[in-house]
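J.: Below you will find the structure I want to go over with you.
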Amino acid sequence: MKKNVMASIAAIVLMQLSVSCQKPIPTDLSKINLIPAPVHLNATGSSFQLNESTNIYVTEGNEALRRVAQVLAGEVESVTGLKLHVSEVPELPVKGISLTVGSANKELGSEGYKLSVNERLVALTANEVEGVFRGVQSLVQMLGVNGKMQEHWLIPSGDITDYPQYAYRGMMLDVARHFFSVDDVKRVIDLAAIYKLNVLHLHLTDDQGWRIEIKSWPKLTTIGGSTEVGGGEGGFYTQEDYKEIVRYASQRYITIVPEIDMPGHTNAAVVAYPELNGNGMKAELYTGTEVGFSTLATQKEVTYQFVDDVIRELAAITDGPYIHIGGDESHVTKEKDYVYFINRAKDIVKKYNKTMIGWDEIAHANVDDTDIVQYWAKDANAKLGVKKGAKVLMSPSKRTYLDMKYDSTSHIGLDWAALIEVEQSYNWTLETLVDGIGKENILGIESPLWTETVETMDDIEYLVFPRLIGHAEIGWSPVNHLNWENYKQRLAEHGNFLHNLEVNFYQSSQVTWEIE
Ligand code: TNX
């Protein structure tokens, strides 16, 4: 008995000795395969080792910062199994992990961060909590991506200074062609956040379904939300559901951009309210995949009462600055009626203090430097928008359309724009794509996932990953860091990370995946 106690004490002392005398293990920060590639990186050859007694420290009294620390603790636990404690402290610690804001470093902007790692301290600083959140994603990737580190949970020592090239880095999810649950949307948000995306655009309405509750026009959802492509039961978000999505996204520093597609792509709305129908035919619920056959009645005043009510209700539950009004493929709206409609829709968006985004066709209306033109199809439209002063959001269909097949063997997806293998999706730059549209004209990049052929979360993940990861890098990293040969090696190591997150990603043969 006595001997046992002594033995236990000896064991405890030995354990403590081994913790406190632990030799730093050399690692190389420059070999860490971060995506997006950081702006500046300087490796110092040693490492910080995480263990169960590592604390995460945040400055006292900053609720948002404490929440980000909790996010980090949660991610660390899911990657390593270690439960780190979060403590609020009045002053910066000298050991452990510290998260702080207010470094007032102009270069970093609102999303940039500085990460300094030595053997005792991991210090993450930024101007805003948002920047700390982006930096946390780099830390999580350091732990999760490199297979070898997983035995020791090492964070390689050195310094990273990092900030985005473009302010808007987004993905679009079409919940109209097929409806997706709030939980599915949350998973998309979680996965997008890992790669420092900051926008999720929800395509909430189309010919096949109206997916957002509008209290003043209730049949939009009870009738217009009742089906989807293929004839399934469809569905819609109540305003409470939508607010929950907005809240969840904002805690991950992702802005929700809601889209009401008008005046075309409105079959579901005009089935619910035939007085809004402008195509002169009786509308019925539609479960096919044709486009361009529907239009609102652009010459009737009731249409503008409708648009006003919808935008008013939507603006009130949207915390971000943007409302997307669609505007694409209005093939059965006369050109002059189209322009008249977009101009009035724009005034309504402004009335509710939001910035209008529309697909590139809206450049034909009175857009100006307060509007955003989303380039998807026509160079001429994007150029016209720029000429009128608008900023361009880049979603070139041949590069960023996540609903395109990878190759002819892809089991889902379309191919009207292109077959988009991983290299095709990555190997280009925003500022050289359209002649005459340079960095100063570009707000950022967005990758749309249209869901005509997409029915499940597995389908979403298959088409989105890994292509979205490359788009995230194109939007964040300096152009001289974009290199396909280098990227595909970094991406290879993300195979394991994605695998551990149970992401059903496309294992392109262009990449030598490292999956254990
Ligand atoms: C074109 S892109 C559309 C969508 C379709 C998509 C399918 C755009 C603005 N309109 O309505 O879903 O093609 O790839």
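The values are calculated or read from the model by the stated rules, or taken from the named source; none is laboratory data. Only a predicted model underlies this, so the values are computations on that prediction, with no experimental measurement involved. Here Cβ is always computed from backbone atoms with ideal geometry, including for glycine, and neighbour counts include all displayed protein chains.
J.: List the pairs whose first member sits in segment 284-296 and is in the same structural domain as residue 310 (by TED's automatic domain parsing) and at positive phi, whose second member is of a type in the set (Gly, Ala, Ser) and within 11 Å of the ligand (Cβ to nearest atom), and whose Cβ atoms are under 8 Å apart, counting only residues at least 6 apart or on separate chains?
T.: From segment 284-296, the pairs are 292/264; 292/330.
J.: When both residues are 6+ apart or on different chains and their Cβ atoms are under 6 Å apart, which pairs have a first residue that lies in segment 344-372 and is assigned to a helix (DSSP H, G or I), and a second that is of a type in the set (Lys, Arg)?
T.: 360/378
J.: Which of (1) modelled with pLDDT of 95 or more; (2) part of a loop (DSSP other than H, G, I, E, B) is the odd one out, the single condition residue 381 does not satisfy?
T.: For residue 381, the failing item is (2).
J.: In segment 146-193, how many residues are more than 16 Å from the ligand (Cβ to nearest atom), of a type outside the set (S, T, N, Q) and free of Cβ contacts under 8 Å to residues at least 60 places away in the same chain?
T.: 3
J.: For residue 60, indicate whether it is acidic (Asp, Glu), surrounded by fewer than 15 Cβ atoms within 10 Å (Cβ to Cβ) and modelled with pLDDT under 90.
T.: The answer is no for residue 60.
J.: Residues to consider are 504, 480; find the one that is more than 16 Å from the ligand (Cβ to nearest atom) and either among the aliphatic types (A, V, I, L, M) or over 19 Å from the mean Cα position of the chain (by Cα) (or both).
T.: 480
J.: Let me ask another. Please identify the pairs in which a residue from segment 307-326 that is without any contact (Cβ under 8 Å) to a residue 60 or more places away in the chain has its Cβ atom under 8 Å from the Cβ atom of a residue that is outside any loop (DSSP other than H, G, I, E, B) and among the small types (Gly, Ala, Ser), counting only partners at least 6 apart or on another chain.
T.: That search, which allows pairs on different chains as well, returns 307/345; 311/345.
J.: How many residues, within segment 253-265, are under 13 Å from the mean Cα position of the chain (by Cα) and either surrounded by 21 or more Cβ atoms within 10 Å (Cβ to Cβ) or on the phi > 0 side of the Ramachandran plot (or both)?
T.: 4
J.: Another question, then. Any residue at all in segment 110-126 that's in the same structural domain as residue 30 (by TED's automatic domain parsing), surrounded by fewer than 18 Cβ atoms within 10 Å (Cβ to Cβ) and closer than 21 Å to residue 169 by Cβ?
T.: Scanning segment 110-126, I find at least one residue that is in the same structural domain as residue 30 (by TED's automatic domain parsing), surrounded by fewer than 18 Cβ atoms within 10 Å (Cβ to Cβ) and closer than 21 Å to residue 169 by Cβ, so the answer is yes.
J.: Quick check on my filter: what residues within segment 384-419 are within 16 Å of the ligand (Cβ to nearest atom), part of a loop (DSSP other than H, G, I, E, B) and under 26 Å from residue 322 (Cβ atoms)?
T.: 395, 396, 401, 402, 403, 417, listed by residue number.
J.: Just to be sure I understand the filter: pairs with C-beta atoms under 9 Å, separated by 6 or more residues or on different chains, first member in segment 231-255 and free of Cβ contacts under 8 Å to residues at least 40 places away in the same chain, second member surrounded by 19 or more Cβ atoms within 10 Å (Cβ to Cβ) and outside any loop (DSSP other than H, G, I, E, B). Which pairs pass?
T.: Matching pairs, first to second residue: 238/212; 238/221.
J.: Six or more apart or on different chains, Cβ atoms under 7 Å: show the pairs whose first residue is in segment 385-396 and over 22 Å from residue 172 (Cα atoms) and whose second is surrounded by fewer than 19 Cβ atoms within 10 Å (Cβ to Cβ).
T.: 388/368; 389/368; 389/369
J.: Test of understanding: among 202, 197, which residue is crowded, with 24+ Cβ neighbours inside 10 Å, in a loop (DSSP other than H, G, I, E, B) and at pLDDT 95 or above?
T.: 197
Yes/no matrix, rows are residues, columns are (1) assigned to a helix (DSSP H, G or I); (2) out of contact with any strand residue (DSSP E or B) (no Cβ under 9 Å at 6 or more places or on another chain):
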{"site": "34", "(1), (2)": "no, no"}
{"site": "44", "(1), (2)": "no, no"}
{"site": "58", "(1), (2)": "no, no"}
{"site": "69", "(1), (2)": "yes, no"}
{"site": "79", "(1), (2)": "yes, yes"}
{"site": "86", "(1), (2)": "no, no"}
{"site": "94", "(1), (2)": "no, no"}
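J.: Could you go through segment 420-429 and let me know if any residue there is in the same structural domain as residue 348 (by TED's automatic domain parsing), within 16 Å of the ligand (Cβ to nearest atom) and touching a strand residue (DSSP E or B) at 6+ places or on another chain (Cβ under 8 Å).
T.: Checking segment 420-429: at least one residue is in the same structural domain as residue 348 (by TED's automatic domain parsing), within 16 Å of the ligand (Cβ to nearest atom) and touching a strand residue (DSSP E or B) at 6+ places or on another chain (Cβ under 8 Å).
J.: May I pose another question? Residue 326 - would you say it is of a type outside the set (S, T, N, Q), closer than 25 Å to residue 181 by Cβ, within 16 Å of the ligand (Cβ to nearest atom) and surrounded by fewer than 20 Cβ atoms within 10 Å (Cβ to Cβ)?
T.: So residue 326 does not fit the description; no.
J.: Still on this model: Which one is modelled with the lowest pLDDT among residues in segment 272-294 that are within 17 Å of residue 330 (Cα to Cα) and away from the ligand (no atom under 14 Å from the Cβ)?
T.: 280
J.: Okay, moving on. Run down 349, 373 and say which single residue is within 16 Å of the ligand (Cβ to nearest atom) and in the same structural domain as residue 473 (by TED's automatic domain parsing).
T.: The unique qualifying residue is 373.
J.: Please state which of the following conditions residue 453 fails to meet, knowing it meets all the rest: (1) assigned by TED's automatic domain parsing to the domain that holds residue 186; (2) touching a Phe, Trp or Tyr at 6+ places or on another chain (Cβ under 9 Å); (3) among the hydroxyl-bearing types (Ser, Thr, Tyr).
T.: In the conditions (1) assigned by TED's automatic domain parsing to the domain that holds residue 186; (2) touching a Phe, Trp or Tyr at 6+ places or on another chain (Cβ under 9 Å); (3) among the hydroxyl-bearing types (Ser, Thr, Tyr), residue 453 misses (2) alone.
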